[in-house]
Structures are given as C-alpha cells and as structure tokens.
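Written out below as structure tokens is the structure these notes cover.
The values are calculated or read from the model by the stated rules, or taken from the named source; none is laboratory data. All figures in this text were calculated on a predicted structure; none of them were measured in a lab. Methodologically, a virtual Cβ is constructed for each residue, glycine included, from the backbone with ideal geometry; neighbour enumeration extends over all protein chains shown.
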Amino acid sequence: MRRDRGHHPATGLGRATWVIRMGTIRDERIDCELSAALDALGDLVYVLEPSGELAGWNDEFADLTDCTDASDPQLTDFFAEPAHIDGARELVLDTGERVTVDASLDGADRSYELSFDRVGTDDATVLVGIGREVASESLDAERRQNELVEEFAGHVSHDIRNPLQVATAQLELALDECETERLQRVNAALSRIDRLITDSLTLARSGADVTEPSAVDLEPQVRDVWEAVATEEATLRVDFDDEAVEISVDTARLGHLLEQLFDNAVTHAGPDVTVTVGTLEDGFYVADDGPGLTVEDREYVFESGYSTADDGTGFGLAIVDRIAVAHGWIVRATESESGGARFEVTDLS
C-alpha cells in the first residue's frame, strides 16, 4: 500500500475523480450520463460506498469480473487481498489521502494496482477507484529492485560498519587514557552514525509486502521487546483483556515496530516514561505520558527524516509506518489520555 500525501493526481485516477465530481451518485450506481466518460478511460473504474459496497463500475470492470447489480457486490469479492483493500479504503476515509494497493484478481494470474480517492458530493461521500493491470515486466522489475535494496543494505552494513567499529574501539582506548570533552563529542557522533546506519537498514528492509505472516500472541512480543529497549526507570503497562490477543504478522518486523514506538517514547518523554500498550476493536495502541505531539507534528511525524528531537534520525516512525503498510494496517498518531503521544495500529483483521 502506498500513500500519496502530496495529492498529485495519478493520470487515470485523476480523470476518473474529475468525472465523478462532475456528476452524482444515484441509487447505488453511477449516473448513466457518466458511463461513456468512464468507459473511455480504458481501465477498471469503480465507485465504493464507505462500507466497501460497490456503488458503480464501468464496462471494463464488468467484463473482467462479471459484476452485476443483483449480487450486492463488494470490491473485495473479486480480488485475493481483501485485507489490503479494506485497509486502503479505511485509510482514505480517515485521512483523505490517495492510496494505491497491489492486488491479484481472484482465481486468475493477473495483478492490478488499485487506487482510491475520496469524493464528497452534496448527498454523500464515496470512494472513486481505478484499477490498472501490472505487466509481468513490472513485477520482475520490482523483484530486481528489492534485490538491489538488499544488496545495498548488505554493503552498508559491512563496508560502513566495519570501519565504524574500528574507530569506536580506538576511541574507547583513548578514553581510558584521557577522557576529555572533545573525545566525548566524538563518541556521541560515532553513536549517532551507528544509529543512522541501523535505522537506514531497517527502513530499507521494512517496505516489502508481508507474504508469509505467522500467528503470534501480541503480549509476549510486547514484553520481550520492552525488556530489550526500556530504561530502568521506565514503566510498562499492558492493558489487555484476559484473553490472548493473536495477530497475523511478520514477527521480526513487528519487533522493529514495537521497538521504534518504545524508543520514541523514551526519547521524547524521558527515561522515567510510563508506556501503556492496550487493545482496540481491530488493533492495538502504544501511548505514553510525555509532552505529546502538536497537531502539525501528527501530520508529518511518519515522514522519513522528520524528527522533533535534536539528535533524532527521523527514521523511527517512518519505519513504523512502512511496517504497518506492508501488513495492510493503518497507523495514526493522536493524543493519549494523559496528554502524551498515542500511536494506534488498526485494521489488523
């Protein structure tokens, strides 16, 4: 799933959205006066109710899916990744951003990019979408790109980390002989470089869609990660129901997500922070009792390189966002009950 925070119109989706805005939605189908314009786009075009039910579609969509009015169809009836599609729909409704998700036609070896945009009319809000088939060459190119990212990450890890470790070891020897303010500054700089390398590698490896998730109990994962990253003064509260919370995840990436959220709390709220992890109807949240986020910060906090801390890398919450998107989840920043920061991860089912 890809989020377009800049609202730059995709060629087909921009035209489809314009056509819908020029018309109306009536009786759960696209007004007949728009049919010719939508059919002329050459891609799958569909209109969704906020609930996910199809309100209208063009001939291209009908020919591909055999969709009819009689079946009360939903878009997820025709594609093999319903969780990703529902996640995209919820994200568009929640944020107003344009979102694109990859999905395979159910029962056929054909892949599509499904895009969504929110459109408000006088009577209702609907989602306009366009589906464009992804050629096999594009899929091969994506695989090659993933291989290049992994190769690059390996070079960064080896070729930069090794001399950094040598420099750190030499610095420790120098500090044993003479601990000066200048050497402490060098130590802080080397530590920051190490954090940048770690976060860069995690960010590069976090974006690929999760294809083989495992069912895990969330609470033990939370406690294990907390033990690894928390300070002695920090407090963890787990506000779960008596029943175990089982979710389907890439376990390693879930660990990275929790680690970044806990580290963010300690960084911004202080070493004696109290962090609460609790359940939501379709997900979980991580909240702290720190100073919280301004409304402006909440809008940009998931963007790579954005940080409100002087020594922050700006990658931590970008990693959280990429891991969530790779699972088809939604993550958003809001305010905790104590006025601190609260991050909600939803659409897990």
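Quick test for you: out of Leu64, Leu44, Leu105, Leu75, pick the one residue that is under 30 Å from Ala333 (Cα atoms) and in contact with a strand residue (DSSP E or B) (Cβ under 9 Å, 6 or more places away or on another chain). Break it down stepwise before answering.
Numbers: Leu64 fails: under 30 Å from Ala333 (Cα atoms); Leu44 fails: under 30 Å from Ala333 (Cα atoms); Leu105 fails: under 30 Å from Ala333 (Cα atoms).
Within the list Leu64, Leu44, Leu105, Leu75, the selection yields Leu75.
Where in segment 275-349 are there strands (runs of 3 or more DSSP E), lying wholly inside it, with at least 2 residues that are more than 18 Å from Gly96 (Cα to Cα)?
Working: elements: 283-288, 330-335, 341-346.
Output list reads 283-288, 341-346.
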So for segment 248-265 (the condition being part of a loop (DSSP other than H, G, I, E, B), surrounded by fewer than 18 Cβ atoms within 10 Å (Cβ to Cβ) and among the hydroxyl-bearing types (Ser, Thr, Tyr)), does at least one residue qualify? no
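Is it the case that segment 251-268 has a residue that's more than 18 Å from Glu337 (Cα to Cα), assigned by TED's automatic domain parsing to the domain that holds Ala341 and among the small types (Gly, Ala, Ser)? Break it down stepwise before answering.
So in segment 251-268, the residues more than 18 Å from Glu337 (Cα to Cα) come out as 251-260, 263, 267.
Remaining after also requiring assigned by TED's automatic domain parsing to the domain that holds Ala341: 251-260, 263, 267.
This time we only want the ones that are among the small types (Gly, Ala, Ser), so: 252, 255.
Yes: segment 251-268 contains one or more residues that are more than 18 Å from Glu337 (Cα to Cα), assigned by TED's automatic domain parsing to the domain that holds Ala341 and among the small types (Gly, Ala, Ser).
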Hey, among the residues in segment 229-256 that are within 26 Å of the chain's Cα centre (by Cα) and among the β-branched types (Val, Ile, Thr), which one's nearest to Gly316 (Cα to Cα)? Val229
Based on what the data block shows, is Glu133 of a type in the set (D, E, K, R), in contact with a strand residue (DSSP E or B) (Cβ under 7 Å, 6 or more places away or on another chain), surrounded by fewer than 17 Cβ atoms within 10 Å (Cβ to Cβ) and at pLDDT 65 or above? yes
Among the residues of segment 208-226, is there at least one that is modelled with pLDDT under 70, of a type outside the set (A, V, I, L, M) and under 22 Å from the mean Cα position of the chain (by Cα)? yes
Take the residues in segment 88-129 that are closer than 16 Å to Val47 by Cα and among the polar types (S, T, N, Q), then tell me which one is modelled with the highest pLDDT. Ser115
Any residue in segment 168-191 that is at pLDDT below 85 sitting within a Cβ distance under 9 Å of a residue that is surrounded by 10 or more Cβ atoms within 10 Å (Cβ to Cβ) and not in a helix (DSSP H, G or I)? List the pairs, counting only those 6 or more apart or interchain. Ala188/Asp311
Being closer than 14 Å to Leu105 by Cα, touching a residue at least 24 places away in the same chain (Cβ under 8 Å) and outside any strand (DSSP E or B) is the filter here; which residues of segment 66-80 pass it? Leu75, Thr76, Asp77, Phe78, Ala80
By residue number, the members of segment 246-301 that are touching a His at 6+ places or on another chain (Cβ under 7 Å) and among the aliphatic types (A, V, I, L, M) are Val249
